[in-house]
Amino acid sequence: MNTHITPRRARVGRPLRGLNLSAERGLKLSAERGLNLSAALRGVGVTFAIIGVAVAAWAGLTAEALAAEKPKLDSGDTAWMLTATAIVLMMTLPGLALFYGGMVRKKNVLTMVMQVFATACIGTIVWFAVGYSIAFGADGAYWGGLSKAFLAGVGKENLTGTIPETVFMTFQMTFAIITPALIVGAFADRVKFSALVVFMTLWIIIVYAPITHWVWGGGGWILKLGALDFAGGTVVHINSGVAGLVAAIIIGKRVGYRKEDMSPHNLVLSLVGAALLWVGWFGFNAGSALSAGTGAGMAMAVTQIASASAALAWMFAEWLQRGKPTVLGIVSGAIAGLVAITPASGFVDPMGALFIGLIGGVVCYWASTSLKKMLGYDDALDVFGIHGVGGMVGAILTGVFAVKAIGGTAGALEGNGGQILTQIYSILGTIVWSGVMTAVLLLAIKVTIGLRVSDEEERDSLDLRLHGESVH
Amino acid sequence: MKLVTAIVKPFKLDEVREALTSIGVEGLTVSEVKGFGRQKGHTEIYRGAEYEISFVPKVRIDVVVSDTLADQVVDAITKSARTGSIGDGKIFVSDVSKAVRIRTGDVDNDAL
């Protein structure tokens, strides 16, 4: 029976879950016993029954305290994690597919949704085959080995904390799906489908799974540093953002970039997609508590506040600078806020979330407009500008706004300035591995099967040339 | 016979159609077109990327009428399509050498 719990979860989720267990179960037990007692004492009178309930409550709590040592399956936690897993998948399918699909030109919209959908399928199989094992197999500083390859030993009865390991594995799988799918936006409109399939398969194995192990796996080196990443600021967002930037540079600009009209063909699709991402993010952040308790509750609240404040921050920044508040601006801001709060969602209070959202929204707006223009790379859908930069802002601000009473670690505002350095160290580790290995992978694909479609195919329509279909 | 081609603002289409049927025009063809004249396009901004949209959506009306009706048609379109602001469109009149109604084989004025 596997009762291994990752230290990250242990540090964050366990104390909170422990509190929940004693309180909630105590009440449950007292209620049951209270009913039995009152039935037995029906003839004696209601007063005795009430005393009986009180005694039973006390007895229940005591029994619970004695039995609290070994984690047991909690159906409440499991129910929430089943739900969270489903809605994190919804972030990618259809959320991200629509968010990205609306932003490309009409001739390439099917190519975009195809790339996201295929990446979700590839992510599933690769995670099942080796990804889960590399990330969460055995303890170790750099990787978890292959002992759980093809989910060996992940049986029906195994527990991770208070939930089945199958649920934990699938929950993590949905993260391994959305992270590579996010990268797709950076090289939209120009990558060969075969190159994408090879890249995604290898990227999850070589980049995603190891970094997941470093941050969340047993004995991972970033975890040991004491870096805070509740739901994937480094693992998901900095990782995909940096990979996107490197990919945009290596694959090169779209034909006609900055000369031709590349405006989004349907921003309603993007708005629907962003809204699905927002809702799914509750599973992402509150689900990362791995329990249905106070930690998940606070994560949900701060997620909502940061998203809205970043959406407004981006909207007002754009309104001031360009004269009009745009739909693409407000939905991009919401996503930027969700990215920025991701690492912080188990560690900060609502006031911290407000500031993380405001700062994240403005900085991501600047990165996606001015910085991109200044440096000249063609990160088509701003994967770096929103996920890379937003992830870094969020990781640093987690070190600023962390509240000891919430996640057990104090941030700079509570006098622990060193936490910021720890956060920066974890950011750098992620940037280096993700950046270098993504470059190596892409260059290897470039010299073997090639990365890009021909200029003629690109000018025509990838939907027609690569997939033989058109949207209408 | 004359072909009257009018490029007008899309929201004016219904008024133009009513004006033309009231003077006895029994059919016309409409297409959605884009173009530019003195009315310039506009700028769209997506995450800081600015696009000059130089072509403005318009409606093109093609109507073929007998020579006697042509001036009335031009007059009716001019009145019904005018807003007074820039971008109201243009009207072109040209000669038509032959017309045939496919169902009956009627030609020229009988076919209109």
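Numbers at a glance
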{"quantity": "Filter result for A:Ala340 (buried (at least 18 other Cβ atoms within 10 Å of the Cβ), within 14 Å of another protein chain (Cβ to nearest Cβ) and part of a helix (DSSP H, G or I))", "calculated": "no"}
{"quantity": "Any chance A:Ala313 is away from chain B (no Cβ under 14 Å), in a helix (DSSP H, G or I) and farther than 28 Å from A:Met173 by Cα", "calculated": "yes"}
{"quantity": "Set A:Leu223, A:Leu228, A:Leu202, A:Leu182: member being in the same structural domain as A:Val436 (by TED's automatic domain parsing), within 16 Å of the chain's Cα centre (by Cα) and part of a helix (DSSP H, G or I)", "calculated": "A:Leu182"}
{"quantity": "Of residues in segment B:57-81 being within 22 Å of B:His42 (Cβ to Cβ) and not aliphatic (A, V, I, L, M), the one surrounded by the fewest Cβ atoms within 10 Å (Cβ to Cβ)", "calculated": "B:Pro57"}
{"quantity": "Residue check, A:Ala308 farther than 26 Å from A:Ala176 by Cβ, in the same structural domain as A:Gly233 (by TED's automatic domain parsing), out of contact with any His (no Cβ under 6 Å at 6 or more places or on another chain) and in a helix (DSSP H, G or I)", "calculated": "yes"}
{"quantity": "Condition check for A:Gln419: over 20 Å from the mean Cα position of the chain (by Cα), farther than 22 Å from A:Val255 by Cα, buried (at least 23 other Cβ atoms within 10 Å of the Cβ) and among the polar types (S, T, N, Q)", "calculated": "yes"}
{"quantity": "From the options A:Glu456, A:Glu469, residue that is among the acidic types (Asp, Glu), in a helix (DSSP H, G or I) and more than 17 Å from A:Ala247 (Cα to Cα)", "calculated": "A:Glu456"}
{"quantity": "Scope segment A:135-156; condition touching a residue at least 24 places away in the same chain (Cβ under 8 Å) and hydrophobic (A, V, I, L, M, F, W, C); matching residues", "calculated": "A:Ala135, A:Phe136, A:Ala138, A:Ala141, A:Trp143, A:Val154"}
{"quantity": "Scan of segment B:18-56 for residues that are in contact with an Asp or Glu (Cβ under 7 Å, 6 or more places away or on another chain), more than 11 Å from chain A (Cβ to nearest Cβ) and either aromatic (Phe, Trp, Tyr) or exposed (fewer than 13 other Cβ atoms within 10 Å of the Cβ) (or both), ordered by number", "calculated": "B:Thr29"}
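Listed here are the residues, each with its yes/no results for (1) among the hydrophobic types (A, V, I, L, M, F, W, C); (2) within 20 Å of A:Lys253 (Cβ to Cβ); (3) within 13 Å of chain B (Cβ to nearest Cβ).
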{"position": "A:Leu354", "(1), (2), (3)": "yes, no, no"}
{"position": "A:Lys372", "(1), (2), (3)": "no, yes, yes"}
{"position": "A:Asp379", "(1), (2), (3)": "no, yes, yes"}
{"position": "A:Gly399", "(1), (2), (3)": "no, no, no"}
{"position": "A:Gly408", "(1), (2), (3)": "no, no, no"}
{"position": "A:Leu413", "(1), (2), (3)": "yes, no, no"}
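The values are calculated or read from the model by the stated rules, or taken from the named source; none is laboratory data. The shown structure was predicted, so the numbers you read here are calculated from the model rather than taken from an experiment. Here Cβ is always computed from backbone atoms with ideal geometry, including for glycine, and neighbour counts include all displayed protein chains.
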